[in-house]
1. Packing-wise, with mean Cβ within 10 Å as the measure, how do 49-59, 86-96 rank, highest first?
2. Extending each Cα 7 Å along its Cβ direction at residue 138 and residue 14, get the distance between those two points in nm, one decimal.
3. For segment 32-131, with the dipole built from +1 on Lys and Arg beta-carbon atoms and -1 on Asp and Glu ones, taken about the Cα centre, which of 94, 45, 74 lies farthest toward the positive end?
4. Any idea what the dipole of segment 32-131 comes to, in debye rounded to 20, about its Cα centre with Lys/Arg Cβ at +1 and Asp/Glu Cβ at -1?
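Read-outs throughout are calculated quantities, based only on the coordinates presented, and are distinct from any laboratory measurement. Computed from a prediction, not measured in an experiment: that's the story for all the values here. When we count neighbours, we look across all protein chains shown, and the Cβ atoms used for this are built from the backbone with ideal geometry, even at glycine.
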Amino acid sequence: MKKTKIFLIIVLLTGLFYKFNLQKNKTIELVGHWHLEAENGEDRFAKTIDFENDTVVILNKHIGGYGGLNGWHYSDKLLKFGGEGIMVKLKYSVEKDKIIFIEDSGNEKEVSPLFYGIKCELDCCDKQSEYFYDTNVEIDLPLELV
């Protein structure tokens, strides 16, 4: 009986330790739709970023009716966009519920954040305003709710 109690206490303590350790080391899930904001308040070249999976990332998906700029996500927190003639490289770091993006210019001494991303959960953005983002006209189409 005494051995059973000791065994149960050890199992319980191990389970609690494991649970709290997992919560402490919990990382943010990158896959999904993110809204981008400039650190300095200036206009930015990208409004959204979509992490499709572990390797594919898209800038400005569906912004202005455009399919977006496809890129690649590398394991060393590096994103690359473009190809022929022009290549944009971004490094990122995760801080709490935000992603901080910096340009990978190769010079680590001159690093300043370009923008940060905030994850967009279900129904957090207006698809219509994103689609017509690049137009100079305010467009408000009647929408029927089903």
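1. Highest to lowest by the protection proxy: 49-59, 86-96.
2. So the label points at residue 138 and residue 14 sit 6.3 nm apart.
3. Of the options given, the answer is 74.
4. On the way: 12 positive and 19 negative charges, 27 e Å.
Using only the charged Cβ atoms, the result is roughly 120 debye.
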